[in-house]
Amino acid sequence: MTRLRDGSSGPGQLDPTLPRVAIVGRPNVGKSTLLNRVVGRRIAIVEEHPGVTRDRFEVETDWRGRRFVLVDTGGMTDDREELQRAVTGQALRAIREAELVIFLLDAATGLTAEDDVVADLLRRNGPDKVLVVANKVDSAGQEPDAWSVSGVGLGIPVQVSALHGRGVGDLLDVVVERLGERAPELAGPIDPEDEILPGKTTGSTPSGMPAVAIVGRPNVGKSTLFNRLVGDERVVVHDVPGTTRDAIDTILETDDGPLRLIDTAGLRRRSRIGEGSEYYSLVRSLSAIDKADVSLLVIDATEGVSHQEQRLAERVDAAGSPIVLVLNKWDLTETDKRVQVTAELDDRLGFLAYAPVLKISAKTGLGVHRLLPAIGLAIEAYHRRIPTGRLNDAIRIIQSEHSIRGARVLYAVQGAVDPPTITLFATRRLPPTYLRYIEHSLRERFKLGPTPLKLRVRLRAK
């Protein structure tokens, strides 16, 4: 039985000792559909045109008590265009790192010149670990079509229909047989309530470690920053807007413990978002924002703060998680433009006055070393719980320094964290300006700068 074993927004914390099984092939043969079928959820974006998957996408799963990591890759071609070369390079890297490679072919179409290109690459990079799979064999009547792809010369094909689930269990039987002892057994007995058939949905268990989402408009340098922090060319980076389609994440080990770093697709205005892969990218990115402990809002300093960044910042702020403003490409920004961008931050993002602003270059590494300390401070403040006694002492001092006529806060309690949420029991409604004064004062006294602070007012008799 297959179980998703990661966070719900992406590949989560993967066990580095597990064997990797890479799914490769030319564009549009059903690689992402097969991954979704195996793990039982739509976690990889699927659309009926080539080129949707560009980055490696990894997820831990198991079959018949044997654990392994399944890797979805972009379509491989011999196209020399720069972006496609990067996609093919990511797929080749997945092949070299994998213990087993599923070479997926389209039985309905038969062999093509692009299939021959992929086959040549596989012959040069470990033909002994290739498992040929004929996809889109949707019925017994189509089984003869599957034999046409055996001409690729890398073995007898296993026949499946990733879309309908036909033969996927048989394929996984072959996978765990080929992996053998390299695929370790699950620890402890399998809970029958946790088992699912391929294609059946299931819940997931959060990893428990802080999640950091990198968000922003397309082409502002999110993937470049992600790669800089991870120290690895984990994500395809190219100066064409929209290169990242999925929310890709990985584990970053820091001196203060591990972080789950999430690279999201660039968020555009809804009027420019279609109903296909861009829509699902939007949904995945917004979900990552909602579940993140910290969001890094990346802004292209050479272009300034747009209305779109303002709307996105409002969306992140509404999610209630801390936010760090990252002005990328600072090294390429002229002096006059730097002054303009700083003014735009105050004007359009004034409601995030508490958020730290870091000026960096993801490409060269300028200022990137300050990101992790800022993230650490934001996470610490996000989880901060203020003792009731200290909180009420602060409220008394705040009111003695500045009070308003006819209204008084009797006492306060912190009812929640993530973010800190404080309920003020007052004799009457407090004006927004006075609430902002209390918020600012509490933020300074308890060093809550990097996180949102929610204040709620409840009326009590004097």
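The values are calculated or read from the model by the stated rules, or taken from the named source; none is laboratory data. Note that the structure is predicted; figures quoted are calculated from it, not measured. Neighbour counts run over all protein chains shown; Cβ positions are idealised from the backbone, glycine included.
A few comments on the model shown:
Per-residue answers, yes or no, for (1) under 24 Å from S321 (Cβ atoms); (2) modelled with pLDDT of 95 or more:
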{"residue": "G350", "(1), (2)": "yes, no"}
{"residue": "I360", "(1), (2)": "yes, yes"}
{"residue": "T427", "(1), (2)": "no, no"}
{"residue": "R460", "(1), (2)": "no, no"}
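- Within the range 437-462, being within 35 Å of the chain's Cα centre (by Cα), among the basic types (K, R) and either closer than 18 Å to A378 by Cα or in a loop (DSSP other than H, G, I, E, B) (or both) holds for R443, R445, K447, K454.
Let's see how each residue does on (1) under 30 Å from P258 (Cα atoms); (2) among the aliphatic types (A, V, I, L, M):
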| site | (1), (2) |
| --- | --- |
| H369 | yes, no |
| A374 | yes, yes |
| Y382 | yes, no |
| R408 | no, no |
| P419 | yes, no |
| L424 | no, yes |
| T427 | no, no |
| H440 | no, no |
| E444 | yes, no |
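- Just one of (1) of a type outside the set (F, W, Y); (2) over 30 Å from E334 (Cα atoms); (3) exposed (fewer than 14 other Cβ atoms within 10 Å of the Cβ) fails for I395. It is (3).
- Filter pass, R429 being farther than 16 Å from F351 by Cα and in contact with a helix residue (DSSP H, G or I) (Cβ under 6 Å, 6 or more places away or on another chain): no
- The listed residue being modelled with pLDDT under 65, surrounded by fewer than 24 Cβ atoms within 10 Å (Cβ to Cβ) and in a loop (DSSP other than H, G, I, E, B), out of L18, L14: L14
- The residue that is modelled with the lowest pLDDT, among those in the range 303-342 that are touching a strand residue (DSSP E or B) at 6+ places or on another chain (Cβ under 9 Å) and among the β-branched types (V, I, T), is V316.
- When the residues of the range 141-164 are filtered to those that are crowded, with 16+ Cβ neighbours inside 10 Å and touching a Pro at 6+ places or on another chain (Cβ under 9 Å), the one that is nearest to V130 (Cα to Cα) is L154.
- Summed over the range 432-452, the residues that are at pLDDT below 90 and surrounded by 14 or more Cβ atoms within 10 Å (Cβ to Cβ) give a count of 5.
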